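Questions regarding the structure given below will be posed in turn.
The values are calculated or read from the model by the stated rules, or taken from the named source; none is laboratory data. Because the structure is a prediction, the values reported are computed rather than measured. Here the Cβ positions follow ideal geometry from the backbone for every residue, glycine too, while neighbour counts run over all protein chains shown.
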Amino acid sequence: MKEIRDLNILAIESSCDETAAAVVHNGREVLSNIISSQIDLHKLYGGVVPEIASRKHIEKINQVIEEALKEADVTLDDIDVVGVTYGPGLVGALLVGVAEAKAIAFARNLPLVGVHHIEGHISANYIEHPDLEPPFLCLVASGGHTHLVCVREYGKYEILGRTRDDAAGEAYDKVARAIGLGYPGGPKIDRISKEGNPDAVKFPKAHIEGAEYDFSFSGLKSAVLNYINGCKMKGESFDPADIAASFQKAVVEVLVENSMKAVEDYGMYKFAIAGGVASNTALRAAMKQACEEKGVKFYHPSPVYCTDNAAMIGAAAFYEYLSGTRHGWDLNAVPNLKLGER
């Protein structure tokens, strides 16, 4: 019988538009991490189409699992636990991964561990940072979420702040569409911003009275759209690079300011970022500088572990398993699952 801390996790992620499978050993050693992206398919529509995403997951799920096992040089006989994202996300997409994980776990008589998607993003930091252990603070910024989280223990989270409207990544996508960059917006704005002047346009930064760790990006998005429309009505030209750089500066400054306020208030000396927006070069540089100025150790995943992937789900599933989390055959997709719920 294997030691409880000598486990191979087969992890599955299908919450949005990436079909992913990974084999993770003891929560931190990635033996394989296979991702089948649907970006080229959805960019035709300017964003993710849920029905198309679900159908594509069904087509790809068995293939990515087979590839993950092959790359890890293991078979299902070597797997000890099956972990899967069961929320939040697109319900149809989630159901594909959950059904697959339940089928494998049932057929092989393996423990089944459902994982919260945001917990997966946070746990991505464990993969490349063996010294990182709770407690620490983490900013999770992606297309669907912007959360400032205190990680008390493995699997124990306190949400300090969240977005009141648009997530940071969602704002990136909408602004990118407005200036003609297309989908996905985050990487494209990051790239074009390097050619623009971040002080060309002063866009507003929202701070919410009585909720100093919360975020709001809807007003900023509207300010960008209004600026563009104003230029068009006046017959004035505008530089997309300048708008992108100015918009990005406003987003990054708010993310950094709120995060560093929490670092001070909670007396934390470890800070991490996670999620798709965590691969943004301007955000990484600004956070690194802010943490250095405060003597705080800064952690961030490599870009491949920032976007949706299964390795991060395997890392989270390992610690959930150690804490006693088990799910039955009634495990279902929960599209609006709250962090900390079981």
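Only residues in the range 321-342 that are exposed (fewer than 14 other Cβ atoms within 10 Å of the Cβ) count as the first member; pair them with residues that are outside any loop (DSSP other than H, G, I, E, B) and of a type outside the set (S, T, N, Q), Cβ under 8 angstrom, at least 6 apart or cross-chain, and list the lot.
Pairs that qualify, where the first residue is exposed (fewer than 14 other Cβ atoms within 10 Å of the Cβ) and the partner is outside any loop (DSSP other than H, G, I, E, B) and of a type outside the set (S, T, N, Q), are Arg326/Leu112; Arg326/Val113; Gly328/Leu112; Trp329/Lys102; Trp329/Phe106; Trp329/Leu112; Asn336/Gly87; Glu341/His116.
Of (1) within 18 Å of the chain's Cα centre (by Cα); (2) in contact (Cβ under 8 Å) with a residue 40 or more places away in the chain, Val252 satisfies all except one. Which?
Just one mismatch for Val252, condition (2).
Let's see how each residue does on (1) at pLDDT 95 or above; (2) within 30 Å of Gly340 (Cα to Cα); (3) outside any helix (DSSP H, G or I):
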position	(1), (2), (3)
Gln63	yes, no, no
Val74	yes, no, yes
Asp77	yes, no, no
Thr85	yes, yes, yes
Gly97	yes, yes, no
Ala101	yes, yes, no
Ala105	yes, yes, no
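Conditions tested, residue by residue: (1) crowded, with 19+ Cβ neighbours inside 10 Å; (2) in contact (Cβ under 8 Å) with a residue 12 or more places away in the chain; (3) under 16 Å from Val24 (Cβ atoms).
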{"position": "Gly46", "(1), (2), (3)": "no, yes, no"}
{"position": "Glu67", "(1), (2), (3)": "no, yes, yes"}
{"position": "Gly83", "(1), (2), (3)": "yes, yes, yes"}
{"position": "Val91", "(1), (2), (3)": "no, yes, no"}
{"position": "Leu94", "(1), (2), (3)": "yes, yes, no"}
{"position": "Gly97", "(1), (2), (3)": "yes, yes, yes"}
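What number goes with the only condition from (1) in contact (Cβ under 8 Å) with a residue 40 or more places away in the chain; (2) within 19 Å of His117 (Cα to Cα); (3) touching a strand residue (DSSP E or B) at 6+ places or on another chain (Cβ under 6 Å) that Ser36 does not pass?
Of everything listed in (1) in contact (Cβ under 8 Å) with a residue 40 or more places away in the chain; (2) within 19 Å of His117 (Cα to Cα); (3) touching a strand residue (DSSP E or B) at 6+ places or on another chain (Cβ under 6 Å), Ser36 misses just condition (1).
Then there is this: Keeping to the range 107-126, report how many residues are buried (at least 22 other Cβ atoms within 10 Å of the Cβ), in contact with a helix residue (DSSP H, G or I) (Cβ under 9 Å, 6 or more places away or on another chain) and part of a helix (DSSP H, G or I).
9
Considering only residues of the range 253-278 that are among the small types (Gly, Ala, Ser) and farther than 24 Å from Asp308 by Cβ, which is surrounded by the fewest Cβ atoms within 10 Å (Cβ to Cβ)?
Gly267
Of everything in the range 223-247, what is free of Cβ contacts under 8 Å to residues at least 60 places away in the same chain and within 26 Å of His207 (Cα to Cα)? Give them in sequence order.
Ala223, Val224, Leu225, Asn226, Tyr227, Ile228, Asn229, Gly230, Ala241, Asp242, Ala245, Ser246
Taking the range 1-45 only, how many residues are closer than 23 Å to Pro187 by Cβ, out of contact with any Lys or Arg (no Cβ under 6 Å at 6 or more places or on another chain) and part of a loop (DSSP other than H, G, I, E, B)?
Within the range 1-45, residues that are closer than 23 Å to Pro187 by Cβ, out of contact with any Lys or Arg (no Cβ under 6 Å at 6 or more places or on another chain) and part of a loop (DSSP other than H, G, I, E, B) number 7.
Please go through the range 279-308 and pick out each residue that is surrounded by fewer than 18 Cβ atoms within 10 Å (Cβ to Cβ) and among the polar types (S, T, N, Q).
Thr281, Gln289, Ser302
Also: What are the residue pairs meeting all of these: first residue in the range 186-199, first residue assigned by TED's automatic domain parsing to the domain that holds Val251, second residue in a loop (DSSP other than H, G, I, E, B), Cβ atoms under 6 Å, and 6 or more apart or on different chains?
Lys188/Leu181; Asp190/Asn280
Moving on to the next point. Considering each residue of the range 156-191, count those that are part of a loop (DSSP other than H, G, I, E, B) and not β-branched (Val, Ile, Thr), and give that number.
So the count comes out to 9.
Further question on the same structure: Of the residues that sit in the range 192-222 and are charged (D, E, K, R) and either at pLDDT 95 or above or assigned to a loop (DSSP other than H, G, I, E, B) (or both), which one is farthest from Ala286 (Cα to Cα)?
Step by step, filter the range 192-222, then rank; the result is Glu209.
Continuing with this model, one more query. Considering only the range 19-56, state which residues are of a type in the set (D, E, K, R) and modelled with pLDDT of 90 or more.
Arg28, Glu29, Arg55, Lys56
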